[in-house]
Amino acid sequence: MSRFTIAILLALTAASAWSQQPGADNLCQLTIHVRMSDGSQPGVYLQVELLSPVGTPVSMGSTNADGIVYFQVPSGVTYRVKVSGRGIEPTDTEFFILGGQISHTQNLSARRAATAAPQGLSPSISAKEMSVPAKAREEMKKGIEAFDKGDTAKARQRFENAIAIYPQYARAYENLGVIAAKSGDRIKARGLYLKALEVDDTFVPAYLQLARTEIQDKNYSEAEELLNKAMQLNPEMPSIIALLASAEFGSKNYDKALADAQRVHSLPHHEQVANIHLLAAQILEMQNRDKEAIAEYQLFLTEAPNSPQTKAVQQAITDLQAVKH
């Protein structure tokens with residue numbers, strides 16, 4: 001692979017922090033809770049990007065129906081969080097997690113966009129998840145609390161209880177899949193993600209979990225199929241199309257990968273996946289379209305000026321300009 005491609009694929013296939021393995025004793029379970037300024041739930045899946053204070057991407061995830069997303073991050077660090085999605089005005093804030101904290105909850109208030117559709121009509125929310133009984137939601141909440149404390153056995157039991165109450169609870173199956181993946185049982189995790197889609201084929205997070213798994217296993221065609229389905233459910237989520245482009249690149253469908261990578265740039269909040277410009281540039285270089293590659297690199301520098309890859313991208317531009325002369 002060329003100079004940036006490995007880094008791009010790693011960034012785009014990174015799952016939400018629930019799927020990340022703890023690597024140090026100072027990790028903190030971070031809960032981001034988004035509510036609307038009127039006190040209501042968002043009613044749609046929102047994209048949540050976690051960054052360093054200077055804008056370097058740390059992780060990315062999507063909220064559940066209650067406006068909650070979880071990350072596992074080092075404590076003793078200042079973070080920025082940016083929230084965007086259909087029907088809301090983008091918002092961001094900065095906060096600090098004290099060193100040694102094992103859990104931290106950050107509440108954000110978002111405003112509905114003036115053109116927001118009625119809450120119940122959004123195609124990006126799962127109708128089945130909106131119908132989850134209160135008792136099942138309570139089991140889910142307790143399961144998450146147990147997970148936050150590192151008690152995966154108790155968390156697993158709570159999620160299983162939630163499923164017993166509401167067998168169509170796709171998120172509970174997905175969370176069980178995450179626990180299985182963290183224990184190293186990828187086969188079981190895959191089966192649970194598939195089960196989530198069996199009970200609710202509109203549950204976008206399960207499509208993304210499976211697609212990331214397929215890309216990591218180099219099953220690019222399978223990943224493309226999953227991401228195309230996710231895109232039908234949420235056509236304006238940049239990370240879905242960026243991930244699709246990376247799968248197409250992996251399967252050497254370079255023309256498709258380039259088209260999707262460039263399509264990301266036309267979507268709202270596309271700056272959150274600025275690395276996709278590097279993928280586009282790499283393909284253009286392979287096709288000897290150096291002028292267009294330079295343009296993609298320059299777009300990346302505009303959208304991610306504080307990226308650790310800035311110097312390498314600047315050097316790539318210099319090299320391409322030298323070839324022209």
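The values are calculated or read from the model by the stated rules, or taken from the named source; none is laboratory data. From a predicted model like this one, the values you see are computed outputs, not experimental measurements. Cβ coordinates were reconstructed from backbone atoms using ideal geometry, including for glycine residues, and neighbour counts include every protein chain displayed.
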Number of the exception - ASP92 against (1) surrounded by 14 or more Cβ atoms within 10 Å (Cβ to Cβ); (2) closer than 18 Å to HIS270 by Cβ: (1)
Failed condition for PRO305, given (1) crowded, with 18+ Cβ neighbours inside 10 Å; (2) in contact (Cβ under 8 Å) with a residue 24 or more places away in the chain; (3) not aromatic (Phe, Trp, Tyr): (1)
Candidate set from the stretch 289-321 (those that are part of a helix (DSSP H, G or I) and of a type in the set (Ser, Thr, Tyr)); member that is farthest from the chain's Cα centre (by Cα): THR318
Selected residue (only one of ASN253, ASN228 is closer than 29 Å to SER84 by Cβ and more than 18 Å from the chain's Cα centre (by Cα)): ASN253
Some residue of the stretch 244-256 being in a loop (DSSP other than H, G, I, E, B), at pLDDT below 85, farther than 30 Å from PHE159 by Cα and of a type in the set (Gly, Ala, Ser): no
Flag if ASN288 is crowded, with 17+ Cβ neighbours inside 10 Å, out of contact with any Asp or Glu (no Cβ under 9 Å at 6 or more places or on another chain), farther than 20 Å from MET60 by Cα and at pLDDT 90 or above: no
All positions within the stretch 124-149 that are surrounded by fewer than 16 Cβ atoms within 10 Å (Cβ to Cβ), modelled with pLDDT under 75 and not hydrophobic (A, V, I, L, M, F, W, C): LYS149
Criterion violated by MET286 - all others in (1) touching a residue at least 24 places away in the same chain (Cβ under 8 Å); (2) under 26 Å from GLY87 (Cα atoms) satisfied: (2)
Residue in the stretch 315-322 that is hydroxyl-bearing (Ser, Thr, Tyr) and surrounded by 15 or more Cβ atoms within 10 Å (Cβ to Cβ) present: no
Residue match in the stretch 169-184 (condition: over 20 Å from CYS28 (Cα atoms), of a type in the set (A, V, I, L, M) and free of Cβ contacts under 8 Å to residues at least 12 places away in the same chain): no
Residue match in the stretch 232-241 (condition: among the polar types (S, T, N, Q), crowded, with 19+ Cβ neighbours inside 10 Å and assigned to a loop (DSSP other than H, G, I, E, B)): yes
